[in-house]
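To keep things clear, I will list the structure first and then write my remarks on it.
The values are calculated or read from the model by the stated rules, or taken from the named source; none is laboratory data. Treat the numbers as computed from the prediction; the structure is a model and nothing was measured. Cβ placement follows ideal geometry from the backbone for every residue including glycine, while neighbour counts extend to all protein chains displayed. These area figures cover heavy atoms from the full protein model, side chains too; ligands, DNA and RNA do not enter into them. Shrake-Rupley method; radii C 1.70, N 1.55, O 1.52, S 1.80 Å.
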Amino acid sequence: MDDINFFDKVYQVARLIPVGRVTSYGAIASYLGTKGSSRMVGYAMQAAGKVVPKVPAHRVVNRQGLLTAKFHFGGNLMAELLESEGVKVKDDQVQEFKTVYWDPNIELAL
DNA sequence: CCCGTGACGACAT
DNA sequence: TATGTCGCCACGG
């Protein structure tokens, strides 16, 4: 697994996120073992839309449940995508965040 | 090759 | 509780 690029690892985990659930950059980073490099996760997501299969980057938010990435998606697209999957979003913020929160460290429990 | 930037997070004040 | 600063590491210029 060490042969896989850091970005690819991020994509792998991101694709494991169930519909109607969201996770945080730090959670993914922690799962990968690069807890301090949460920024790299977000950076990887930047290219997520360029990779295949398509990575649900819209399901990844910051630790506060804030749609920091919506600015990059453009307009309200990210929020609409989440709501389309059943995730309630208000004021660029995920409602019931702790309820819809999906932690790879727990769910994958590896 | 060096510098600045950035989808974040934790700690310090 | 809120605001400010530092660390993290990859990529572009």
- Across the stretch A:38-78, which residue is least open to solvent (accessible area, probe 1.4 Å) among those that are without any contact (Cβ under 8 Å) to a residue 24 or more places away in the chain and touching a helix residue (DSSP H, G or I) at 6+ places or on another chain (Cβ under 6 Å)? A:78
- Item | Residue selected from the stretch A:79-109 under the condition of a type in the set (Val, Ile, Thr) and in a helix (DSSP H, G or I), by the criterion most open to solvent (accessible area, probe 1.4 Å) | A:106
- Task: Kindly indicate whether any position in the stretch A:15-25 is touching a residue at least 12 places away in the same chain (Cβ under 8 Å), within 16 Å of DNA strand C (Cβ to nearest atom) and in a helix (DSSP H, G or I).
- Result: yes
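Name every residue in the stretch A:32-51 that is assigned to a helix (DSSP H, G or I) and away from DNA strand B (no atom under 12 Å from the Cβ), in order of residue number.
Once the filter is applied, which keeps residues that are assigned to a helix (DSSP H, G or I) and away from DNA strand B (no atom under 12 Å from the Cβ), the stretch A:32-51 yields only A:32.
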- Do you know which residues across the stretch A:25-76 are among the polar types (S, T, N, Q), farther than 21 Å from residue A:105 by Cβ and more than 12 Å from the chain's Cα centre (by Cα)? A:76
